[in-house]
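The structure appears right after this line, and notes come after that.
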Amino acid sequence: MSVEHSLPPDLTVALVERRPLLWINEGWLPLEMAQAKCPYSVQHVYDAERRMHSYANLLSRLFPELVESRGVIDSPLRSAEPLRRSMVPETGEWGRWFIKCDHELPVAGSIKARGGIYEVLVHAERLALREGLISADEDLSALASDSARRLFSKNRIVVGSTGNLGLSIGIVASVLGFQVNVHMSSDAKEWKKERLKSLGVQVIQHAGDFVAAVAAGRAQAQGDPHAYFVDDERSENLFLGYSVAARQFCQQLAETGTVVDSRHPLFVYLPCGVGGAPSGITFGLRHRLGDHVHCFFAEPTASPSMLISFATGEDRPVSVRDIGLDSRTEADGLAVAQASELVASFMRPFVSGVFTVPDDHLFEDLYRMQCTQGLRIEPSAAAGFRGPDWLVRSPAGREYVANHGGLEYMRQATHILWTTGGSFVPEQEYAEFLKRARGGSPEA
Ligand SMILES: *Cc1c(COP(=O)(O)O)cnc(C)c1O
């Protein structure tokens, strides 16, 4: 079946014309039904939480910035009231807004911190166990020892990335002593590559896009018995590492006095590239909060890969190139033409919908974030900011709300803008973002 035939014609036209739109997922299901069709259970999330916790001592030993949090990798939840006032002057139906600040995540400076660090540490632990370097119940701080380092230095970690995953994997893997090869797509920003090279990571630049960079990485690792490939299109551990976010987030939300139930819905807006990070978070949130948390993914109008995968309803992801889009966007973290095979196969029932964002809005909202909240994000991280607007004002959004609890509860709703990267962006680079937002061309 060709993509054009399995996508509704009017949706195809709107996507091809790059019209921003909200797509409501008719495949959404209540938690129990979604669960019945899914290869992962809440037990997988709990296991990942426990495992991440078991790395805490090791992490605070490896990274001075984690000493204070005792090895816990987390970001603040902040009130977005100043931002809200600048976007919607009236109150009423707009509810309360918060920002989940994953752009501030320590170690990697992006949402890739959780998934990437988890994936590398699980691999390191397995290697060390296999080689008899640690025993099963030993404190994992031993993974930072000289003998562990010697072991890891004979092994290689390979990854394909548009930038941030490479940064996250490269930082953790090189600190442990691994040899690291990062295959970068053409979208990757220069400073991300430079930062990796300064850590001794080998960066391989490709002229092609994310799919090509991932393929090159996979091919390299296949020919090398000492190489491990971090597969952003298929990795279970990346997905589970991301899902750990839900636990701390729910705690933070409770601390603000926020209730989530049928009369107090929670809307979460998540920037989406290959789909792993937003899916992991959504999966964790649905298990903790049930059917009154409504998770929406946000994608660039140039690269709505997850939207297309969900809308075709096929288990195998399809490329945005198949409908004539080029996937070129300044949101380098989201410049992914084809969704993750892993999450496309089972996430559909968990997700409420997907909306698309043109690059101009990303820069406007990045600038607004600086002016109103004093927070520094990269363009990808602004993708979710128009979420409340879609839900409150658009016919499709209002219909969704009416079908899922009722419009009368929108006053009591809470909206979460989940930011995903930016705190590591160099000063000069960030100044260019602001300049573009104010109407200057990016090169000027
Ligand atoms: C990777 C990334 C995302 C999305 O995560 P995926 O797993 O690719 O969907 C969002 N924002 C930023 C800044 C990222 O680097």
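Report the Rg/Rh value for the stretch 73-155, based on alpha-carbon coordinates and the Kirkwood definition of Rh.
Values: Rg = 20.9 Å, Rh = 16.1 Å.
That ratio is 1.30, to two decimals.
Distance between the C-alpha centres of the stretch 215-253 and the stretch 295-328: 21 Å, rounded to the whole angstrom. Only helices enter this figure: runs of n ≥ 4 DSSP H residues, each worth -39500 (n - 2.57), summed and divided by the residues of the chain, yield -12500 deg cm²/dmol at 222 nm to the nearest 500.
Straight-line reach from LYS192: taking Cα to Cα under 12 Å and skipping same-chain neighbours fewer than 8 places apart, the aspartates and glutamates in range are ASP332, GLU429. Only alpha carbons enter this Debye calculation for the chain, each as an equal point scatterer, and the log10 of I(q)/I(0) it gives at q = 0.08, 0.10 Å⁻¹ is -0.42, -0.66. When Lys and Arg each count +1 and Asp and Glu each count -1, what net charge do the other residues less than 10 Å away from ILE171, Cβ to Cβ, add up to? Around ILE171, the surrounding residues sum to +2. Only bridges with both residues in the chain count here: give the DSSP antiparallel percent, nearest 5. So the antiparallel bridges in the chain amount to around 20 percent.
Accessible surface calculations at 1.4 Å, restricted to protein heavy atoms, place the chain at 38 Å² per residue.
The overall shape of the stretch 253-385 is oblate: from the C-alpha gyration tensor, with semi-axes ordered a ≥ b ≥ c, the ratio a/c is 1.5 or greater and a/b is no larger than b/c. Calculated on the Cα set of the stretch 62-117, radius of gyration then Dmax: 15.3, 47 Å.
Here the stretch 157-283 exposes an accessible surface that is 48 percent carbon and sulfur, computed with a 1.4 Å probe and the other protein chains kept in place. Each 10 Å bin from zero holds the following percent of Cα-Cα pairs in the stretch 219-291: 18, 39, 23, 12, 6, 1. Per atom type, the stretch 337-444 shows carbon and sulfur on 47% of its accessible surface, probed at 1.4 Å. Between the stretch 155-205 and the stretch 6-39, what is the separation of their alpha carbon centroids in Å? The two parts, judged by their Cα centres, are 33 Å apart. Among LEU285, LEU129, LEU15, the largest mean-square fluctuation in a Gaussian network model of the chain, built with springs joining Cα atoms closer than 10 Å, belongs to LEU129. When the alpha carbon gyration tensor of the stretch 349-444 is reduced to an equivalent ellipsoid, the three semi-axes, largest first, read 31, 13, 12 Å. Could you identify which residue out of ALA213, ALA339, ALA254 has the top mean-square fluctuation in a GNM of the chain using Cα springs shorter than 10 Å? So, out of ALA213, ALA339, ALA254, the one fluctuating most is ALA254. Pop out the carbon and sulfur fraction of the accessible area of the stretch 27-145 as a percent, whole number, probe 1.4 Å. Result for the stretch 27-145: 52 percent of the exposed heavy-atom area is carbon or sulfur. The calculated Kirkwood hydrodynamic radius for the stretch 1-153 is 20.2 Å, given to one decimal from all distinct C-alpha pairs.
Dipole of the stretch 1-57 computed with +1 at Lys/Arg Cβ and -1 at Asp/Glu Cβ about the Cα centre; of ALA56, LEU22, GLN35, farthest Cα towards the positive end is ALA56. Charge dipole (Cα centre; +1 on Lys/Arg Cβ, -1 on Asp/Glu Cβ; no other charges) of the chain amounts to roughly 580 debye. Each Lys and Arg adds +1 at its Cβ and each Asp and Glu adds -1 at its Cβ; summed about the Cα centre, the stretch 380-444 shows a dipole of about 240 debye. Straight distance only, please: which lysines reach the Cα of LYS193 with their own Cα at less than 17 Å, same-chain residues fewer than 8 apart left out? Excluding near neighbours in sequence, the set is LYS112.
Taking ILE73, ILE323, ILE281 as the candidate residues, the one with maximal mean-square fluctuation in a Gaussian network model of the chain, Cα springs under 10 Å, is ILE323.
The values are calculated or read from the model by the stated rules, or taken from the named source; none is laboratory data. Predicted model, so just to flag it, every value in this text is computed and none were measured. Cβ coordinates were reconstructed from backbone atoms using ideal geometry, including for glycine residues, and neighbour counts include every protein chain displayed. These accessible areas exclude ligands, DNA and RNA; they are computed on the full protein's heavy atoms, side chains included. Shrake-Rupley method; radii C 1.70, N 1.55, O 1.52, S 1.80 Å.
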